[in-house]
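A short reminder: the numbers here are calculations on the coordinates, not readings from a lab. Predicted model, so just to flag it, every value in this text is computed and none were measured. Here the Cβ is made from the backbone with ideal geometry for all residues, glycine too, and neighbour counts use every protein chain on show.
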Amino acid sequence: MAQTPLLSMTGIEKRFAGIPALSGASLEILPGEVHALIGQNGAGKSTMIKVLTGYHRRDAGTVSFAGQPFEVGSPHEAQSSGISTIYQEINLVPLRSVTENICLGREQRRFGLLDWGAMHAEAERLLATFGIGIDVRRPLMDFNTATQQMVAIARAIGFSARLVIMDEPTSSLDEGEVAVLFKVIRQLKADGVSVIFVSHKLDELYEVCDRVTIMRDGKTVRVAEMDKIAKLELVSAMLGRDVSRADGHATAFDDAQRPKGETVLRARNLKAGHAVRDVSFQVARGEIVGFAGLLGAGRTETARLVFGVDRTTGGSMELNGRPYDPQRPKDAILAGLGFVTEDRKLEGIVPELSVAENMTLSLLPQISRNGVVSEGRQRELVEGFIEQLGIKCSGPNQKIRELSGGNQQKVLLARWLATNPRLLILDEPTRGIDVGAKGEIQRLVRKLADEGLAVLMISSELEEVVEGADRVFVLREGRTVAELEGEAISEDRVLDAMAHGLSTRTEQAS
Amino acid sequence: MSDTVSTAAVKRDRFFDPLEFLARYGTLIALGLLLVFNLIFTRNFATLQTLNVNLTQVCTIVIVAIGMTMVIGTGGIDLSVGSIMAISGALAPLIFLGTILPVSNIGLSVAVAMVAAVAVATMLGLFNGWLVASMRIQPIIATLVLFIAGRGIAQVLTNGNLQVFRVSEFQWIGLGRPFGIPVQVIIMLVMILIAAWVLRRTVFGRQILATGGNEKAAELAGIPVGRVKFAVYAISGFCAGIAGLIVVAINSASDANLVGLGMELDAIAAVAVGGTLLVGGKATIVGTVVGALTIQLVRYTLLANGVPEAAALVVQAAIIVAAVWLQQQGRMR
């Protein structure tokens, strides 16, 4: 390498409560380059950034910045040393003026008083370098998200940042705003400022980044020049799949072909906000349908629409041939749907309640008479499921928060199975669960489908989708880009669709 | 045989965690210690008279704290209970004294007065519920509205006058003693039983705890979170309404400035000391009762032994802090 790097992090180790989050991770940023940092959830991107900015203390490894060993204790110190971070949620003061936001923490004074004139001029000058001319005296909240982001960047530059970290900066921007942001990034680059760009939108990476570092399981697995790595390679490196590798079985699913039942749910051109732009799919009785896609592809968001948690702004759904438009989860439950959510802690368990109480939460109307819970029916039902699913607990009255992740997940599965659903939505059903429980849950899902249940399964684990699903819909940036069925489901096809979308084969050929 | 016994004992010893034990039973132990202390040092403690004084004094706190327990169980809080008591306490005499609605039959007018006062209190609770559930205002702010405005409304109702009365039909709820037990103690016991049963055995009780324990999960499980919130604030208003009636009945007078003053804090303290999590999701009526009794007995002990009121308040505060701290410790492990 001809240039000396601006930032070099090598052999970074970080453990949380003994569990390694980073092991031997590295990152190197050249002066004036835009560097993409990508990886799946839990790959260690955020931890890496937090180690760099002094939010976490690293356990081992070296960091050098601008040729000097770099040691900071807080993001604030990092900022004064020339590393600024712009977070997803902009952390500025919405009620104060643009100038105040830009100059906060380094106010200019004259005769002991704030020199507003000089500060306004400074703010205007900084924004003008990005081609933005706004009234800097107005409060920040008067402007749209993109402009606010520019202000955050201007603030970073004002601190004479030499490295700006942008954590998913485009997630709440529309296309025009993204274009403005990219212009600013190129301007930064021209001024010799380096940028670390964290995003899941592949097209954006290719548009604006020079190099990419790919992380997986706390390690740096690949560093490449952006124009020398194909999308497919990028995705496979991220997911840890070797495209050409013929794979054995990694899950408890098999590939037997099954006859298909009648369609339970059909969704056409669903639309909602930025996340879901055009999603269509259908699920039939006795079938496991997989949703594949990268982070932010709109899979969970689509599931939330189907379950009535969020409202659609376009498209239509049919359940058993009749129009279906849930306004709230209760409607979906009454229509025979169940939803095991992605985040067990946040949206699944009620920690202070017992196993039994958690399990019967969706079933209260059925196991009660005149508003009084029938203890007998509850016990019968709960004990049945504890035995059937092999839930390890001291008894129905144990608090659910004392159970392991896998057993909590089984309780949540039981919560929905108890309602006798027609369609069960599983969002990352085996995330954060030990291998044994994982296999059990996969076998159970297969058995339920064989008994006639329609299952919609979202999973970021490729083998789970490929081996588990009878039909796979690949989502990419809020659109369904591919539908694969039976034999056609293979890792490279799924990866290919995740990487390229529809215009797949042509691009790969070039 | 003796061998197995000793190993069992050893095992129990190892698993015995003093802090957790204190967290679970601390309040009950404190109550026990207070009783023992009083039996030894406070003159005339073991008399029916003392029991009656303490029970009648704690009654209104317990009644209000029952509603508060449910509200806090959903993760909310109700600051308006004291003011709602004042409104209920002002409204009832206005009716049975014939100020706003002359009814000749005193029995009938007392009945109308009670029903109307409690109904209005419940409606005010519903208003709180509407602010919290439909307008999505934070409970502490939403109920601050009536905390401030409620007492003003009570004063406007009475033109700021002290209403003095001597109506035995009405005052029976504060002064009556069937079988020697004060009526308000009976009302309190009935409400405790009903509330404890509701929380333990009914769908509604389950819904309260699920809403407070994890609102998102509850909503995704199809629980009508909004309706549950409406209901708990209405219940809290209902309880405050009854407590307001009892207070004015005991005093033979209704002073809109004083009825229920500071009650919200006494009730919250009782709930907290009793072991209900202030963030919601775990609520115990029995705990609340024990908490209220403990606070009452501390106050009584100090006053009966000549400690000035001001100092008693400080001790009371210290006990609340200690109780909540102990529960925190118990939860950490």
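Quick rundown of the values:
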{"read-out": "For A:LYS392, net neighbour charge (Lys/Arg +1, Asp/Glu -1) across residues whose Cβ lies under 15 Å away", "value": "-1"}
{"read-out": "Part-to-part distance (alpha-carbon centres) for region A:291-321 and region B:67-92, which is given in Å", "value": "42 Å"}
{"read-out": "At R0 = 25 Å, FRET efficiency that the Cβ-Cβ distance of A:THR4 and A:ALA60 yields, to 0.05", "value": "0.60"}
{"read-out": "Alpha-carbon centroid distance for the pair region A:468-494 / region A:1-59, whole angstrom", "value": "33 Å"}
{"read-out": "Tensor-based shape of region A:70-119 (alpha-carbon gyration tensor, a/c under 1.5 rounded, otherwise prolate or oblate)", "value": "oblate"}
{"read-out": "Selected from B:ASN38, B:ASN105, B:ASN54 as most flexible by GNM, with chain B as the system and alpha-carbon contacts under 10 Å", "value": "B:ASN105"}
{"read-out": "Per-residue [θ]222 nm for the protein assembly as shown (sum of -39500 (n - 2.57) over DSSP H runs n ≥ 4, rounded to 500)", "value": "-15500 deg cm²/dmol"}
{"read-out": "Label-point separation in nm, A:ASP191 to A:ASP331, each point 7 Å along Cα→Cβ", "value": "5.0 nm"}
{"read-out": "Cross-link pairs A:LYS399/B:LYS216; A:LYS410/B:LYS216; A:LYS45/A:LYS183 - those with Cα-Cα distance over 23 Å", "value": "A:LYS45/A:LYS183"}
{"read-out": "Residues in region A:172-188 that a label on A:ASN144 would reach, taking backbone N under 18 Å of a point 7 Å out along Cα→Cβ", "value": "A:172-185"}
{"read-out": "Computed over region B:26-332: relative contact order in percent, which uses C-alpha pairs under 8 Å that are six or more apart", "value": "34 percent"}
{"read-out": "For region A:396-437 and region A:361-378, distance of Cα centres in Å", "value": "20 Å"}
{"read-out": "Extension gain, B:VAL156 back to B:VAL314 (0.36 nm per residue minus Cα-Cα distance, nm)", "value": "53.5 nm"}
{"read-out": "Amide N proximity, region B:21-51 versus B:TRP325 label position 7 Å along Cα-to-Cβ, cut-off under 14 Å", "value": "B:23"}
{"read-out": "Förster radius 60 Å - calculated FRET efficiency between A:VAL372 and A:LYS447, Cβ distance, rounded to 0.05", "value": "0.95"}
{"read-out": "Loop sites in region A:447-486: GluC sites (Glu not before Pro), DSSP, at most 11 other Cβ within 10 Å", "value": "A:GLU451"}
{"read-out": "Gain in span if fully extended, A:VAL221 to A:ARG96, counting 0.36 nm per residue against the direct Cα distance", "value": "40.7 nm"}
{"read-out": "Helix B:18-41 vs. chain B, principal-axis angle (Cα, 0 to 90°, nearest 10)", "value": "60 degrees"}
{"read-out": "Rough spin-label spacing in nm, given labels placed 7 Å along Cα→Cβ, for B:LEU265 and A:SER160", "value": "5.4 nm"}
{"read-out": "Relative contact order of chain A, pairs being alpha-carbon contacts under 8 Å that are 6 or more residues apart, as %", "value": "15 percent"}
{"read-out": "Rel. contact order, % - alpha carbon contacts under 8 angstrom, at least six apart, region A:7-229", "value": "31 percent"}
{"read-out": "Extension gain from A:ARG125 to A:GLU71, taking 0.36 nm per residue of separation minus the Cα-Cα distance", "value": "16.3 nm"}
{"read-out": "Nearest-ten-degree value, helix B:263-273 long axis tilted from longest Cα axis of chain B", "value": "20 degrees"}
{"read-out": "Calculated FRET efficiency for the pair A:GLU207/B:ASN257, C-beta based, R₀ 60 Å, to 0.05", "value": "0.30"}
{"read-out": "Simple spin-label estimate for B:ILE140 and B:PHE165 in nanometres, 7 Å along Cα-Cβ", "value": "3.8 nm"}
